[in-house]
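Below you'll find the structure, written out as structure tokens, and then a few comments.
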Amino acid sequence: MPSKKTPATRGQPKPASPELDLIRTLADILNETGLSEIELEQKGSRVRVSRTMTAVATVSHQAPPAHHAPAPVAAPAVAKAPDADHAGTVKSPMVGTVYMASAPGNPNFIEIGSEVKQGQTLVIIEAMKTMNQIPSPVSGKVIRIHVGNGDPVEYGAALVTIE
């Protein structure tokens, strides 16, 4: 008489698959970098992994309150106004960390008021330990910089506005 078998894997992890390994790898990258979301597209497949953040950002359309400036100091040329709908706004093509210069101590690629040419590097975004130069899609004048050095960015976030 055949006996009934209970599943041998009950309570044990299932064998790994390439898809689950990819998701685990992306989740590890989220934990290591502190990002809230990462998306990977290759060979017609797209995988997006996100996690819930403990802090909540609030968007306000009023003037921002004065911040932690104890004494007048030369402020960095970074404006964080929300005009992502401006036609000249360059958006992030990926999730990663923004760098304004090619190396620490080097001058920034751009400043507010800089004249840029099409194809000129605006910023670098580090994603998965790869440095990606973000080129200017047009020639013009930088009127707004939405990110600062070392800031994390999401896909589609406003980086720079060029007029």
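Each reported figure results from applying straightforward, stated rules to the coordinates on display, with no laboratory input. As the structure is a computational prediction, the values presented were derived from the model and not from experiment. Note: ideal-geometry Cβ built from the backbone for every residue, glycine included; neighbour counts use all protein chains shown.
Numbers at a glance
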| quantity | calculated |
| --- | --- |
| Span per principal axis, largest first, for the Cα atoms of segment 89-162 (Å) | 30, 28, 18 |
| Net charge over other residues, Cβ less than 10 angstrom from the Cβ of MET100 (K, R count +1; D, E count -1) | -2 |
| THR89 long-range amide H proximity, modeled H, under 5 Å | ILE162 |
| In Hz, Karplus ³J(HN,Hα) per residue of segment 138-145 (6.51, -1.76, 1.60; θ = phi - 60°; x = Gly, Pro) | 9, 8, x, 10, 6, 9, 7, 10 |
| Neighbour net charge for VAL142 - beta-carbon separation under 10 angstrom, K R +1, D E -1 | -1 |
| Segment 89-162, relative contact order in percent, only Cα pairs under 8 angstrom and at least six apart counted | 43 percent |
| ASN149 versus GLU32: modelled label distance in nm, points set 7 Å from Cα along the beta carbon direction | 2.4 nm |
